[in-house]
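Read the structure below first, then the notes.
None of the figures in this text is laboratory data; all of them are computed from the coordinates on show. Bear in mind the structure is a predicted one, so any value in this text is a computation, not a measurement. No Cβ is skipped: glycine too gets one built from the backbone with ideal geometry, and neighbour counts run over all protein chains shown.
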Amino acid sequence: MVTATNVSEETGQVLQPYNFELFQDMRPFLEEYWAASFLVVLIYLLLIFVGQNYMKARKGFSLRGPLILWSFCLAVFSILGAVRTWSHMGILLLRGNLGQTVCFSSHIQDPVVRCWSCLFLFSKIIELGDTAFIILRKRPLSFVHWYHHSTVLLYTSYGYKDKVSSGAWFMTMNYGVHAIMYTYYTLKAAKVTAPRWLPMLITSLQILQMFMGAFVSILNHIWRQDPGCHSTSKQLFWSCVLYMTYFILFARFFHQTYLMPKVKAKTKSQ
């Protein structure tokens with residue numbers, strides 16, 4: 001991979017961008033048609049209903065090979081995104097620029113941030129394919145799964161359009177968690193034994209992400225008068241509503257999946 005040499009450090013860039021990170025800016029197009037995300041979510045929910053009804057009288061497909069490839073590709077993508085975005089944010093933090101990491105608008109034109117935020121938005125559409133594997137394999141489809149996929153896509157589109165300042169941390173944390181999560185899914189699909197604590201760690205990180213996301217949104221609102229830190233009460237409201245619902249749902253999932261079985265097993269042994 002060859003780094004681009006035609007960009008000067010004088011532009012205020014934190015990381016030297018790679019050639020592929022210098023593609024044409026799609027922000028104007030995506031900002032204009034951001035409302036199409038509602039149509040995508042509507043189609044997604046309709047396909048869930050149609051797919052579940054179609055599979056009712058049919059045996060679930062194995063799809064082991066496609067699932068391994070799917071999870072592996074998303075794992076590699078998430079790892080690359082995590083490395084680039086965490087490197088960017090890490091350098092800013094080492095420079096003592098916490099405010100700049102929170103105030104996304106101040107460094108949104110950085111080629112690395114611009115590239116990976118655009119790819120992040122598209123990835124939320126692609127990740128809807130996770131649900132197809134659940135339905136076609138006749139696995140239980142939980143409310144937290146389709147609610148999370150739907151609302152993350154909508155909020156990401158909205159945040160991208162409005163240049164929500166806290167979006168940098170939302171994107172960076174999500175890349176990091178998904179890098180671990182899809183690696184685990186790849187191992188699970190390939191029937192490779194992973195550490196028993198790994199799925200618990202992933203859910204714990206997801207819950208921690210909700211705390212940090214709400215914290216950054218509040219910080220962003222406090223610093224909203226600073227240059228590049230534009231924020232509105234509407235942005236703070238929707239951020240807090242989503243993070244609160246995510247926290248409740250993931251905490252409930254954690255309790256039902258990892259704590260209740262242990263309590264039942266302990267009760268039986270007594």
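At a glance:
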item: Theoretical gain in end-to-end length, A132 to C73 [0.36 nm per residue, Cα-Cα removed]; result: 19.6 nm
item: The range 29-85 pair-distance distribution - Cα-Cα, 10 Å bins, rounded %; result: 18, 21, 42, 17, 2
item: Computed over the range 77-180, Kirkwood Rh from alpha-carbon pairs, angstrom; result: 14.5 Å
item: Largest to smallest principal axis extent of the C-alpha atoms in the range 132-188, angstrom; result: 39, 22, 14
item: Radius of gyration and maximum dimension Dmax of the chain, Cα, Å; result: 20.0, 70
item: Rg/Rg_globular for the range 71-128, with Rg_globular taken as 2.2 N^0.38 Å and Rg from C-alpha atoms; result: 1.22
item: Between the range 39-63 and the range 106-142, the Cα center-to-center distance that results, in Å; result: 19 Å
item: Calculated [θ] (222 nm, deg cm²/dmol) that DSSP helices of n ≥ 4 give over the chain, each run adding -39,500 (n - 2.57); result: -23000 deg cm²/dmol
item: Local net charge near L74, Cβ-Cβ under 10 Å (Lys/Arg +1, Asp/Glu -1); result: -2
item: 15 Å Cα cut-off, lysine pairs counted over the chain (separation 8 or more, or different chains); result: 5
item: Per-residue Cβ neighbour rank within 10 angstrom, fewest leading, T245, T257, T156; result: T257, T245, T156
item: Simple spin-label estimate for F49 and F23 in nanometres, 7 Å along Cα-Cβ; result: 3.4 nm
item: Extension gain, K59 back to V40 (0.36 nm per residue minus Cα-Cα distance, nm); result: 4.1 nm
item: Segments 50-59, 209-218 sorted - mean Cβ within 10 Å per residue, highest first; result: 209-218, 50-59
item: Kyte-Doolittle mean at least -0.5 and Cα axial length at least 27 Å: DSSP H helices in the chain; result: 36-55, 64-94, 143-162, 167-189, 198-222, 233-254
item: Cα pair distances in the range 109-263, grouped into 10 Å bins until the bin that holds the longest one, percent each; result: 9, 36, 36, 15, 4, 0
